[in-house]
Amino acid sequence: MKFLATPYHINLLADKERLSVFREAIKEEVNGVVYDIGAGSGILSYFAVPHSDFIFALETDPKSAQCATQNLQEYGNVQVINADASNFHFPKKADVIICEMLDTALIDEEQVPVLNNVLKYLKEDGIVIPHAVINGAEPVFMNRSQITYQDVDDLKSVYYEPLGEMVIYNKVDFRKNIKEEVDIDLRFQIDLSLPRALMNGIKITTFTLLNDHIVCGPTPMLNPPLFIPVDEISLDEMKLNGNKSVIINIQYTMGGGLDTIKTRIKDIS
Ligand SMILES: C[S@@+](CC[C@H](N)C(=O)[O-])C[C@H]1O[C@@H](n2cnc3c(N)ncnc32)[C@H](O)[C@@H]1O
């Protein structure tokens, strides 16, 4: 089927891995009344049509909502609504909420604030697709001094060297009301046997748990790794002082944008 879409949604439609994990989870989990929040071109509603009684597909961007309306016009069990989901009043409770407003660590997209409004319309035993995301952080040397995503088409676009193992620092479960502020101490063990003499960044990786057995790492259009600068730490000095670990405090607001990210070296020991 040929989908009408805006240029951004054409890129989303080209990301086959992203589409296939959502398609599989939708096939396995969807039934009854469904909300597709941030419907875009309507592709996830299209996957849900054969499994649903009725789908409310909400999209805030008028052009995208128009495309979704045309793409889904032949199906009697979908209504595309051009509205902002963060303050929308639904006429019926949902069995399933599909919400793909994901981005790395949920900082720059509205997934969390939107779900914090929409969850009150989910039935008690209802489910959210995806179920959750897990965030990990690695200490790195990188060739960037500003917050940067890895290029969507070239996952090697940022040069970096990992300096220690990934620390899984939180899990965001979309069935629960979520506190939007994050304030976490990341404790990294630094591998001082490596030739690199400087740590100057953190690499954030987000893993999406579509359901309890489908997990997806970064794809070109889903959660590309995010590189965040930190104040420089000399690894030569750490060696001299017999230090092995670094604690970096990271703060951000989910849905608040990249400008909310703050990092601070809390301890070197
Ligand atoms: C990452 S795209 C996903 C589109 C589509 N579901 C897909 O998987 O291809 C997120 C969509 O959410 C829409 N969106 C963002 N904030 C929204 C809000 N508050 N209410 C409704 N839609 C929103 C954006 O316009 C965008 O089309």
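The values are calculated or read from the model by the stated rules, or taken from the named source; none is laboratory data. Please read all numbers here as calculations on a predicted model, not as lab measurements. Here the Cβ is made from the backbone with ideal geometry for all residues, glycine too, and neighbour counts use every protein chain on show.
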Practice item. Examine the range 207-219 for a residue that is in contact with a Ser or Thr (Cβ under 7 Å, 6 or more places away or on another chain) and surrounded by 18 or more Cβ atoms within 10 Å (Cβ to Cβ), and state whether such a residue exists. Key: yes
Practice item. Considering only the range 215-230, state which residues are part of a strand (DSSP E or B) and polar (S, T, N, Q). Key: 219
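Assess whether residue 53 counts as being under 27 Å from residue 170 (Cβ atoms) and of a type outside the set (A, V, I, L, M, F, W, C).
Judged against the criteria, residue 53 is not a match.
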Revision key, fill the gap. All-but-one check, residue 218 against (1) at pLDDT 95 or above; (2) out of contact with any strand residue (DSSP E or B) (no Cβ under 6 Å at 6 or more places or on another chain), failing number (1)
Exercise for review: Kindly provide the set of residues from the range 14-43 that are in contact with a Gly (Cβ under 9 Å, 6 or more places away or on another chain) and near the ligand (Cβ under 7 Å from one of its atoms), ordered by number.
Suggested key: 36
Check your understanding: So is residue 64 modelled with pLDDT under 95, within 8 Å of the ligand (Cβ to nearest atom) and not assigned by TED's automatic domain parsing to the domain that holds residue 175 or not?
Key -> no
Study note, to complete from the structure: From the option list 87, 143, 116, single residue qualifying as surrounded by fewer than 17 Cβ atoms within 10 Å (Cβ to Cβ) and within 15 Å of the ligand (Cβ to nearest atom) is 87
Check your understanding: What do you reckon, is residue 158 among the β-branched types (Val, Ile, Thr), assigned by TED's automatic domain parsing to the domain that holds residue 216, in contact (Cβ under 8 Å) with a residue 60 or more places away in the chain and farther than 18 Å from residue 257 by Cα?
Key -> yes
